[in-house]
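Engineer: Supplied in C-alpha cells, the structure appears directly below.
The values are calculated or read from the model by the stated rules, or taken from the named source; none is laboratory data. Please read all numbers here as calculations on a predicted model, not as lab measurements. Positions of Cβ are backbone-derived with ideal geometry, glycine not excepted, and every protein chain shown enters the neighbour counts. When the accessible area is computed, the model is the full protein with side chains, heavy atoms only, and any ligands, DNA or RNA have been set aside. Shrake-Rupley method; radii C 1.70, N 1.55, O 1.52, S 1.80 Å.
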Amino acid sequence: MADLSALSSVSRVSTFTSGVNDVSSAARTRQYLVGGAQNAQAAQEVQGSFADTMADVVRETAGDLKTAEATSVAAVRGEVSAQKVVEAVMKAELSLKSAVAVRDKVVEAYQEFSRMSI
C-alpha cells in the first residue's frame with residue numbers, strides 16, 4: 001500500500017516538473033510570437049498558472065504532513081495500526097522531499113536567470 005502512495009506522489013511530481021517544462025517552453029514561444037503589451041500579459045498568464053501549480057504542491061504537502069501527524073496521534077490513542085502510521089509518515093516524507101527538490105530547482109533556475117547578462 002505504501003508503494004502505491006509513493007508511486008502516486010512520484011507521478012504527481014513528475015507531472016508537475018513536466019508541467020514546469022511545458023510552461024517555460026510556452027513562455028518562450030509566446031515571447032517570440034507576441035509583442036509589446038501583449039507579451040507582458042502573456043507572461044503574467046503563464047506566471048499565474050505556475051504560481052497556482054506551486055500553491056497546489058505546497059497544499060498537498062501540508063495536507064500529507066497533517067495527515068501523518070493525525071495518524072500518529074490516533075496510533076498513540078490505539079485507534080490506528082502501526083502499518084497505517086508508517087504509510088502516512090512515508091507518504092509525508094516523500095511529499096516533503098519532493099517539494100524541497102522542486103523548491104531547490106526553482107531557486108537554482110532563478111539564480112541562473114539573475115546571473116545572465118542583459
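Engineer: Which FRET efficiency, nearest 0.05, do SER72 and TYR110 yield, Cβ-Cβ r, R0 25 Å?
Structural biologist: The calculated FRET efficiency here is 0.10.
Engineer: While we're here: If I model a spin label at GLU79 and ALA62 as a point 7 Å from the Cα along the Cα→Cβ vector, what separation in nanometres do I get?
Structural biologist: 2.3
Engineer: Mind giving me the nanometre distance, one decimal, between the label points for VAL100 and VAL86, set 7 Å out from Cα along Cα→Cβ?
Structural biologist: Spacing of the two 7 Å Cα→Cβ label points: 2.2 nm.
Engineer: Next question, about the same structure. Once phi is turned into θ = phi - 60°, what whole-Hz ³J(HN,Hα) does the Karplus curve with 6.51, -1.76 and 1.60 give for every residue of the range 60-72, x standing for Gly and Pro?
Structural biologist: Along the range 60-72, the couplings run 5, 5, 4, x, 4, 5, 5, 5, 4, 5, 5, 5, 5 Hz.
Engineer: Let me know the Rg and Dmax you get for the range 63-118 when you use only its Cα atoms, in Å.
Structural biologist: 17.9, 62
Engineer: Estimate the FRET efficiency between ILE118 and MET54 by the formula 1/(1 + (r/R0)^6), using the beta-carbon distance for r and 25 Å for R0, to the nearest 0.05.
Structural biologist: Working: r = 26 Å, r/R0 = 1.04.
Efficiency, from the Cβ-Cβ distance: 0.45.
Engineer: Of the accessible area of the range 48-91, with the probe set at 1.4 angstrom, what percent is carbon plus sulfur? Mind showing how you got there, number by number?
Structural biologist: Details: 1780 of 2890 Å².
Ligands and nucleic acids excluded, carbon and sulfur reach 61 percent.
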